[in-house]
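Below: the structure, in structure tokens.
Each reported figure results from applying straightforward, stated rules to the coordinates on display, with no laboratory input. Here the structure is a predicted model, which is why all the values come from computation and not from measurement. Positions of Cβ are generated from backbone atoms using ideal geometry, with glycine treated the same way; all protein chains shown enter the neighbour counts.
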Amino acid sequence: MAEIIVALDFASADDAMSMVDLLGTEGDFYKVGLELYTRAGPEIVRSLTQTGRRVFLDLKLHDIPNTVVGGVSAAAALGVELLTVHCSGGRAMLEAAADAAAGRLGLIGVTLLTSLATEDIEAVWGRSGANIGDEVLRLGALAREAGLSGVVASGSEVARLKSELGADFKVVTPGIRPAGSDVADQARVVTPAAAAASGSDYLVVGRPVTRAEDPAAALRAIREEAA
Ligand code: C5P
């Protein structure tokens, strides 16, 4: 069954921990991203792990192998369960990161940011006419070969990744929107039921929970829909 990760997109530790308290036993997995981590530091991760919460640290590491290994080890020491790295960091970086993560945390690769379009691929990598789905699969295959646990992918890419890279290769899916809810700035959204049915292992949900009138009830409804 897919697990739900609540995205703590807040600007302060107090706001983030108030949301965690509000969710009570409904929330068990939390995503700490760049803003919250940069503002609140490793202390926010400790506050979560020390109270039994599971943490997805979404720092999207991308650097030379030695530096990324240091970041992976530091995250593992904090008790982080899932950590993201950019697949475009290359094979040597991914392999070194996977070695450092082995038995300590799950390493999740970011393939192509969903904000990138075909013309960005041409501008950044110099290849025209690239197909986004093919690029995601190629980078996913590289991540798998390097020993990562899985990748982040939109709901529309999950089925292909699972069928080509194997059911045990984890997929983390953001852009989850319960039917009828506000899409906000997400371009490609799927419902909790559709994401779970496509085989996604972790659903990342932010605003549909954190901006709900009753966040705990919203999270419960999403979990029930995904089940
Ligand atoms: O509020 P919402 O449910 O849109 O939040 C989704 C979360 O997942 C945000 O923290 C966002 O940064 C993250 N994310 C995403 N799309 C990606 C990768 C990460 O929405 N491709």
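At-a-glance table
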item	result
Summed side-chain charge close to S128 - residues other than S128 whose Cβ falls under 11 Å, Lys, Arg +1, Asp, Glu -1	-1
Cβ-defined net charge surrounding R211, 15 Å radius [Lys, Arg +1; Asp, Glu -1]	-4
Pairwise label distance in nanometres, A117 with S47, each label 7 Å out on the Cα-Cβ vector	3.9
Global size of the chain as Cα Rg and Dmax, reported in angstrom	17.0, 49
Estimated vicinal HN-Hα couplings, Hz - segment 53-65 in sequence order (Karplus 6.51, -1.76, 1.60; Gly, Pro = x)	7, 8, 10, 9, 8, 9, 9, 6, 5, 7, 6, 5, x
Segment 57-152: radius of gyration and largest Cα-Cα distance (Dmax), Å	13.4, 43
Mean separation of Cα contacts under 8 Å, 6 or more apart, over the residue count of the chain: relative contact order %	20
Pair A179, R91: separation of 7 Å Cα→Cβ label points (nm)	4.6
Linear extension gain, D214 paired with A193, 0.36 nm per residue minus alpha-carbon span	5.5 nm
Amide hydrogen neighbours beyond the local backbone of Y30, cut-off 5 Å, H modeled	V6, R54, V55, F56
Pairwise centroid distance, computed over Cα atoms, of segment 134-180 with segment 1-50, Å	24
